Amino acid sequence: MEQLLDPLLSGADEAMVNAFTSGFRVAQIKQAIGKALPEPAAAAALESAQVVALAILVREQLYPLQFAAIYRPFATVLPGPGYEPPPSVDRQIAAFLQKLPSLSGEAEVEVAAVAKVLSEPPKAAPAAGTIGAVPVAPDELDPADLYSAAWKLAIATANQTGRTNSFRAAQEGAEQNAPHDGSGIVGSAGVAAGAIFLRDVMPIDQVLLLYEPFAAAFPYESLI
């Protein structure tokens with residue numbers, strides 16, 4: 001996303017660009033985020049906020065789907081320009097299933113790469129005294145660990161709300177429509193569809209995390 005924005009920012013107001021990359025404005029945003037999130041999540045949120053602010057500066061030069069993809073981290077808490085409430089869960093799932101068969105090329109490669117990172121089990125911490133071992137901070141966020149925890153929550157939520165059969169039907173529909181070409185995204189498509197199905201009973205951040213592999217190819221906000 002930053003690579004996409006860099007050439008566009010050369011024509012943006014320099015003072016505005018500087019305001020969101022250094023100085024007092026960044027300090028204000030950092031302080032506000034720090035009150036809501038612990039590290040290292042706060043640092044990641046600050047970087048996302050800066051990228052989003054810069055995208056708003058050059059929004060007129062971006063395609064709507066490009067802007068939606070960049071703005072997505074904040075779309076559910078601070079609706080962006082042109083925001084429309086999401087359609088029903090059934091319509092979102094139908095839109096997702098309709099888009100899956102067309103997934104190909106670079107978009108499919110990216111989906112597969114993200115899905116692989118998120119589906120890999122967390123790496124075990126190196127044994128004490130191991131030569132060359134790089135210690136992992138105890139509060140370091142592991143994307144695969146978060147993804148796995150979110151999926152366990154989805155399964156538990158489906159069971160607790162008595163929606164297991166419909167939940168599985170959404171999964172199976174996505175798995176059938178996903179490309180079966182060895183890219184390894186069939187399972188992650190089922191996970192994403194299951195998350196969409198539970199959108200009204202799960203925290204939205206967990207839904208978006210499970211949908212993440214497909215976020216660049218089909219921004220969540222485009223499922224209308």
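The values are calculated or read from the model by the stated rules, or taken from the named source; none is laboratory data. Computed from a predicted model, the values in this text were never measured in an experiment. Every residue, glycine among them, receives a Cβ derived from its backbone with ideal geometry; neighbour counts consider all protein chains shown. Accessible surface areas use protein heavy atoms only, side chains included; no ligands, DNA or RNA. Shrake-Rupley method; radii C 1.70, N 1.55, O 1.52, S 1.80 Å.
Computed values, structure above
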{"item": "Rounded, prolate or oblate (a/c below 1.5 giving rounded, otherwise prolate when a/b exceeds b/c) for region 3-62 by Cα gyration tensor", "result": "prolate"}
{"item": "Portion, in percent, of the accessible area of region 148-189 that falls on carbon or sulfur, probe 1.4 Å", "result": "46"}
{"item": "Sum of -39500 (n - 2.57) over DSSP H runs of 4+, divided by residues of the chain (222 nm, nearest 500)", "result": "-18000 deg cm²/dmol"}
{"item": "Cα centre as origin, Lys/Arg/Asp/Glu Cβ charges: the chain dipole, Debye", "result": "540"}
{"item": "Dipole axis of region 163-224 (+1 Lys, Arg; -1 Asp, Glu on Cβ), positive-most option in 197, 176, 214", "result": "197"}
{"item": "Pairwise label distance in nanometres, residue 107 with residue 10, each label 7 Å out on the Cα-Cβ vector", "result": "2.9"}
{"item": "Gaussian network model of the chain, Cα within-10 Å springs - most flexible of 142, 90, 13", "result": "13"}
{"item": "Label selected from [x] 22.6; [y] 18.3; [z] 19.3, the criterion being Kirkwood radius over Cα pairs in Å as computed here", "result": "[z]"}
{"item": "Region 1-77, accessible surface, carbon-and-sulfur percent (1.4 angstrom probe)", "result": "58"}
{"item": "Positive-end residue, region 41-122 charge dipole about Cα centroid, Cβ charges, pick of 80, 43, 54", "result": "80"}
{"item": "Where the chain is the region considered: accessible area per residue in Å², 1.4 Å probe", "result": "58"}
{"item": "Average Cα contact separation per residue, the chain, under 8 Å, 6 or more apart, as relative contact order %", "result": "25"}
{"item": "Most mobile of 210, 62, 118 in a GNM of the chain (Cα contacts under 10 Å)", "result": "62"}
